[in-house]
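The values are calculated or read from the model by the stated rules, or taken from the named source; none is laboratory data. It should be emphasised that the depicted structure is a prediction, and the values quoted were computed from it without experimental measurement. Cβ placement follows ideal geometry from the backbone for every residue including glycine, while neighbour counts extend to all protein chains displayed.
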Amino acid sequence: MQIFGPLVMSVYFLIFALVHSLLADPAFKRMARSIIGTGFDRWQRLAYNLLATIMTLPFLFILIFLPDRTLYQIPWPWIYIMAGGQLLLAIALLLTLRQTGAGPFLGLSQIWDEGRMDGGSGLVTTGFYSRTRNPLFLFAVLILWLSPLMTESLLAFNILATVYFYLGARHEERSLRAEYGAAYEDYKARVPMFLPRPGSRKQINND
């Protein structure tokens, strides 16, 4: 029954993705806003993140307790190199959150700032954002794939998470385009969606 773990992982991930896609859908937000009122914009992001945290717990249960099969385990000393890479990416991810503001990302700033998603910081195009438009998604995906231990369930999770992060980035970019208009289109023309290319930072800094 080794296939049981990956199968449950895939089914639950699809449920997770459907719930979060629904909650992020503009039509659903408009409906919820009409029912809840202005308080929706203040508390929506925080509630969204709390629900996401709760819904990640079954992933851990599946990885730890359900039948699975190890595909590979990186030997010493390469395991430390990969773990070091994950640590550096985690630091880069935290620096990116600091740049854009952890408060808006977590949903805390919106409580006191009338629901503004950017915390009043505007469109960020410096730092890691001068090299890639989606550094948070990029760093998260790389952390997943640098795992020194790979099982069938973890492989299923990584594949689905990579696809979901890509779709999430596309959705977020549509929202940014609607909010910032021509400024975001100009930024999009200069900086790649994920993989940095030589000269992208220079182009931003020269303007």
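Here are some notes:
- Filtered residues of segment 122-147 (kept if over 21 Å from R197 (Cα atoms) and at pLDDT below 95): G122
- For segment 141-164, filtered to residues that are part of a strand (DSSP E or B) and of a type in the set (A, V, I, L, M, F, W, C), the residue that is surrounded by the fewest Cβ atoms within 10 Å (Cβ to Cβ) is L149.
- G103 passes every criterion in (1) over 24 Å from T132 (Cα atoms); (2) touching a Ser or Thr at 6+ places or on another chain (Cβ under 7 Å) apart from (1).
- The residue that is nearest to M9 (Cα to Cα), among those in segment 29-86 that are among the aromatic types (F, W, Y) and in a helix (DSSP H, G or I), is F59.
- Test: residue in segment 68-84 that is buried (at least 17 other Cβ atoms within 10 Å of the Cβ), within 20 Å of F16 (Cβ to Cβ) and modelled with pLDDT of 90 or more: yes
- Residue check, G119 modelled with pLDDT under 90, part of a loop (DSSP other than H, G, I, E, B), in contact with a Pro (Cβ under 8 Å, 6 or more places away or on another chain) and of a type outside the set (D, E, K, R): yes
- Of residues in segment 166-190 being under 18 Å from the mean Cα position of the chain (by Cα) and aliphatic (A, V, I, L, M), the one farthest from L123 (Cα to Cα): L167
- Selection status of A52, surrounded by 14 or more Cβ atoms within 10 Å (Cβ to Cβ) and in contact with a Phe, Trp or Tyr (Cβ under 9 Å, 6 or more places away or on another chain): no
- Qualifying residue in segment 152-165 (condition: without any contact (Cβ under 8 Å) to a residue 60 or more places away in the chain and over 24 Å from R69 (Cα atoms)): yes
- L89 being touching a Phe, Trp or Tyr at 6+ places or on another chain (Cβ under 7 Å), of a type outside the set (S, T, Y), assigned to a helix (DSSP H, G or I) and free of Cβ contacts under 8 Å to residues at least 40 places away in the same chain: no
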